[in-house]
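The values are calculated or read from the model by the stated rules, or taken from the named source; none is laboratory data. Please read these numbers as outputs of a predicted model, since none were measured by experiment. Because the Cβ atoms are built from the backbone with ideal geometry, glycine has one as well, and the counts that use them run over all protein chains shown.
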Amino acid sequence: MFKRLRIAAELSAGRKLSFAACLFALAALCAVPGSAADIKDPLLAYGARIVGDDARTRIVIDFDREPRFSVHYIANPERIVVDLPATAFGFPAKDLAARGLFKDIRYGAMEEGSARIVLTAARPVQLAMAEVQTDENGNSHRLVLDAEMIDKQKFAELVKTQSWTDEADAAQTTSAIPQPENSAPGDFVIAVDAGHGGIDTGAIGVDTKTAEKQVTLAFAKALADRLNREPGIKAFLTRDDDEFLSLSQRVLIARQNHAGLFISLHADTLKQKDIRGSTVYTISDKASDKLAADLAERENLSDQIAGKETVAEPPEVADILLDLTRRETQAFSISLAENVLASFKDQVGTINNPHRHAGFRVLQAPDVPSILLELGFLSNVDDEKLLLDDNWRRKMADLLTDAVKRYRAGLMANGG
Ligand SMILES: [Zn+2]
């Protein structure tokens, strides 16, 4: 493509070319996005918007006509390049200021007849969707780019397998996400999420000063190992070291790995140091009580601790089908919570009314049944002892595995 464009540029610059070369160049001009007509009458990009967070970011650019475009990936640093025909960018720069997954966004004319948008990412990304949406009257043409984070390895594959010559293929970047490693089709996949991590230490133990992020990681590892001993169950960790993940990154990791369940593990503190025992939370718009509301508010602060911007509404929030999915998922989440508490009965101490609900952002996956398990409270000396005890951890992991197995048996009995 660049070779062709260079010929076009030379031609228009009035360089002397042989007749044959001119014919070839003219043919080439017609074959690339930047045709002779485009050069004189560039596309107008008259509006732009960018929304989302550090897990998913959507860019929308309004054009006066349908733009042909191609998408490519470049490594070091991770960048997405969107090539367009000649385009006049007429929107205010602040409307496309870098945010979310992107730390720098540049756009402008390339060689004559072409323009380029370069999105420099803060971490490996892919475009889960890249398409032009035209309204019924054919008046507005929106280029919609939905970026989501992926791991380094997947990005390297994108860079390696992409084609720079076939533009039609390059634009179709939507890729099915493969099965998670080591899992077979039909496996029941469970995301085990160790709360907090990195700069976000979480609560601190009242006696030993152990950080919640360490307690949750140690427990998450024990639970994933225990679950993985069950045939047909494949558990994986959202983080396996002391790494900060934003709340929506945790949700996205679960969804990208096709998790059938998401279990977020915590061990917070309360002002009332005598309160101890486990609690299981499911999501709801309205908190069940003040304790749940306060806890969700504190947990949702996690992103701010790391200086991440929080986004009030995901872009698809008004989608009716998604709303139905959400409600169905909600029922499954509640079923899991009930199974967990049935396993805990007479085995593990719980607080009063141990199934509570509140607006935890980490439980917001519309299609993955999710619970947040407060294992116990680091503000209570006795709970803290248990939380650091290997035997207790093993017992809890056994009970949770039983709960997951019963939940799964219930799904299969209902044909799920
Ligand atoms: Zn926590």
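Summary of values
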| item | result |
| --- | --- |
| Residues of region 239-277 satisfying the condition of being part of a helix (DSSP H, G or I) and either among the acidic types (Asp, Glu) or more than 21 Å from Glu297 (Cβ to Cβ) (or both) | Leu252, Ile253, Ala254, Arg255, Gln256 |
| Selected residue [of a type in the set (S, T, N, Q), at pLDDT 95 or above and over 29 Å from Pro231 (Cβ atoms)] from Ser379, Ser370, Ser333 | Ser379 |
| Check on Arg250, among the charged types (D, E, K, R), touching a helix residue (DSSP H, G or I) at 6+ places or on another chain (Cβ under 6 Å) and either in the same structural domain as Asp367 (by TED's automatic domain parsing) or surrounded by fewer than 22 Cβ atoms within 10 Å (Cβ to Cβ) (or both) | yes |
| Per-region count, region 195-228, residues in contact (Cβ under 8 Å) with a residue 60 or more places away in the chain, more than 10 Å from the ligand (Cβ to nearest atom) and buried (at least 23 other Cβ atoms within 10 Å of the Cβ) | 3 |
| Matching option when the condition is out of contact with any Lys or Arg (no Cβ under 8 Å at 6 or more places or on another chain) and modelled with pLDDT of 95 or more, among Ala413, Ala409, Ala403, Ala397 | Ala403 |
| Matching residues in region 25-65 - criterion: being hydrophobic (A, V, I, L, M, F, W, C), surrounded by fewer than 20 Cβ atoms within 10 Å (Cβ to Cβ) and at pLDDT 85 or above | Leu44, Val51, Val60 |
| Condition met for Val144 (within 30 Å of Thr238 (Cβ to Cβ), out of contact with any helix residue (DSSP H, G or I) (no Cβ under 9 Å at 6 or more places or on another chain) and not in a loop (DSSP other than H, G, I, E, B)) | yes |
| Among the residues listed as Phe219, Phe236, the single one being modelled with pLDDT of 95 or more and in a helix (DSSP H, G or I) | Phe219 |
| Hits in region 338-356 (condition: under 11 Å from Glu374 (Cβ atoms) and hydrophobic (A, V, I, L, M, F, W, C)) | Ile351 |
| Tally, over region 87-141, of residues that are aromatic (Phe, Trp, Tyr) and either closer than 13 Å to Ile50 by Cα or assigned by TED's automatic domain parsing to the domain that holds Gln256 (or both) | 2 |
| All positions within region 358-405 that are β-branched (Val, Ile, Thr), more than 16 Å from the ligand (Cβ to nearest atom) and either in contact with a strand residue (DSSP E or B) (Cβ under 7 Å, 6 or more places away or on another chain) or more than 23 Å from Glu299 (Cα to Cα) (or both) | Val368, Thr401, Val404 |
| Within region 241-254, tally of residues that are away from the ligand (no atom under 16 Å from the Cβ) and over 17 Å from the mean Cα position of the chain (by Cα) | 1 |
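Residues checked against (1) of a type in the set (Val, Ile, Thr); (2) within 16 Å of the ligand (Cβ to nearest atom); (3) in contact with a strand residue (DSSP E or B) (Cβ under 6 Å, 6 or more places away or on another chain):
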residue	(1), (2), (3)
Pro231	no, no, no
Thr238	yes, yes, yes
Gln256	no, no, no
Leu261	no, no, yes
Gly277	no, yes, yes
Ala293	no, yes, yes
